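Working notes for the structure below.
The values are calculated or read from the model by the stated rules, or taken from the named source; none is laboratory data. These figures come from a predicted structure and were not determined experimentally. Here the Cβ is made from the backbone with ideal geometry for all residues, glycine too, and neighbour counts use every protein chain on show.
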Amino acid sequence: MKKKVTVIVNPISGTKDKTTIKTLIDNRLDRNIYDVRIVTTQYAGHGAEIAGVESLNGTDIVVAVGGDGTVNEIGRALVDTNTVMGIIPCGSGNGLARHLHIPMNVKEAIDVINAGRQESIDYGRINKHPFFCTCGVGFDAFVSMDFAKKGSRGLLTYMETALQDFLKYKPEIYQLTADDHVMEYKAFLVAVANASQYGNNAYIAPKATLTDGLLDVIIMAPFKPYDVPILAYRLFNKMLDGSPLISKISCKHLAIHREKPGSVHFDGEPFEADKDIDIRIFPHGLNIIVPPDFKEI
């Protein structure tokens, strides 16, 4: 019996032409093994609604076609279900797809789905929001909030936003309770990683894995402008955890207390949160398609 596959396309994510992508999907997905339906989202949150219904209806695989926001939206509807998620990355960052070594080339990503290898991965939850790559507070959340207001997407726009925000951002003091251990830091950012990177091969937690049942907590100390080049080099070369500006904690549960409410992000999606934030890991909660030769480390 053929497996039922629903492909959910976000028409506004990234910069690629989704009409061409839908044609490629229609022509390249293996019809000998899959019964395929392709749908397009109409509004924010629509992908989660569709994925939730498909899961309830017993659809075998739901494929997210879009960026990190689309992947998060569809993934959070599929956690703790039997429905498997596939990814055809078409966004600006593609953090989860890159960690899983899913090709950025659409044809090759479709071939990964045709191969059909499945893995069960962890997911995190910040307050009530599931995440798959990273969440956090501090500078990256501050930038995410600004970036969400921009009229264009992509790495260049993100870098421009980050440079502008760097000049006005002030580090905060955070009390962290990692499982039962209490610490206090003045930090530029606190990143909580399930996967190794933000996206665009920016490795905030190079040793993070999706199957160890742990959160990797990265605390970046305040730094001077002259530290930026070496931090950027380390970030994009899987060397950030070797910086003297970085502290790392591994835990299953993290509570963050800060001096005032403010921005938080999950998988790059910003929201406003109170002074107290709760973050937990949920082991092996999402079934996902990975390349046939995938090895995490």
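Looking at ASP122, ASP146 in this structure, which one is among the charged types (D, E, K, R), not assigned by TED's automatic domain parsing to the domain that holds ILE12 and not in a strand (DSSP E or B)? Quick ask: steps written out before the conclusion?
Working: ASP122 fails: not in a strand (DSSP E or B).
It is ASP146.
Restricting the first residue to the range 55-76 and requiring it to be at pLDDT below 95, which pairs with a second residue that is among the basic types (Lys, Arg) meet a Cβ separation below 8 Å and a spacing of at least six or different chains?
These pairs meet every condition: GLY67/ARG153.
Scan the range 268-289 for residues that are on the phi > 0 side of the Ramachandran plot and at pLDDT below 95 and jot them down.
Of everything in the range 268-289, just one residue is on the phi > 0 side of the Ramachandran plot and at pLDDT below 95, namely GLY268.
I'd like the residue in the range 103-118 that is of a type in the set (D, E, K, R) and in contact (Cβ under 8 Å) with a residue 40 or more places away in the chain and, out of all such residues, is surrounded by the most Cβ atoms within 10 Å (Cβ to Cβ).
ASP111
Which residues, taken from the range 214-255, are in a helix (DSSP H, G or I), under 20 Å from the mean Cα position of the chain (by Cα) and of a type in the set (Asp, Glu)?
Matches in the range 214-255: ASP241 only.
Working only within the range 267-280, note down all residues that are closer than 23 Å to LEU96 by Cα and in contact with a Ser or Thr (Cβ under 8 Å, 6 or more places away or on another chain).
Answer for the range 267-280, where residues must be closer than 23 Å to LEU96 by Cα and in contact with a Ser or Thr (Cβ under 8 Å, 6 or more places away or on another chain): ASP267, GLY268, GLU269, PRO270, PHE271.
Scan the range 219-239 and tell me whether some residue there is within 24 Å of ILE74 (Cβ to Cβ) and either assigned by TED's automatic domain parsing to the domain that holds GLY93 or in contact (Cβ under 8 Å) with a residue 60 or more places away in the chain (or both).
No, the range 219-239 contains no residue that is within 24 Å of ILE74 (Cβ to Cβ) and either assigned by TED's automatic domain parsing to the domain that holds GLY93 or in contact (Cβ under 8 Å) with a residue 60 or more places away in the chain (or both).
I'm checking my understanding of the structure. Among residues of the range 40-76 that are β-branched (Val, Ile, Thr) and under 16 Å from the mean Cα position of the chain (by Cα), which one is surrounded by the most Cβ atoms within 10 Å (Cβ to Cβ)?
Selected residue: VAL65.
From the residues in the range 163-175 that are within 22 Å of LYS260 (Cα to Cα) and part of a helix (DSSP H, G or I), which one is modelled with the lowest pLDDT?
We begin by selecting, within the range 163-175, every residue within 22 Å of LYS260 (Cα to Cα); these are 165-175.
Going one step further and asking which of them are part of a helix (DSSP H, G or I), we end up with 165-166.
Details: ASP165: 77, PHE166: 81.
This residue is ASP165.
Is at least one residue of the range 234-244 closer than 29 Å to GLY91 by Cα, surrounded by fewer than 18 Cβ atoms within 10 Å (Cβ to Cβ) and acidic (Asp, Glu)?
Filtering the range 234-244 down to residues closer than 29 Å to GLY91 by Cα leaves 234-241.
After this cut, where a residue has to be surrounded by fewer than 18 Cβ atoms within 10 Å (Cβ to Cβ) as well, the list is 236-239, 241.
Still in the list and also acidic (Asp, Glu): 241.
Within the range 234-244 (the criterion being closer than 29 Å to GLY91 by Cα, surrounded by fewer than 18 Cβ atoms within 10 Å (Cβ to Cβ) and acidic (Asp, Glu)), the answer is yes, since at least one residue qualifies.
Here are some residues: GLY262, GLY285. Which one is surrounded by fewer than 20 Cβ atoms within 10 Å (Cβ to Cβ) and either over 17 Å from ALA187 (Cβ atoms) or without any contact (Cβ under 8 Å) to a residue 40 or more places away in the chain (or both)?
Just a single option satisfies the conditions, and that option is GLY285.
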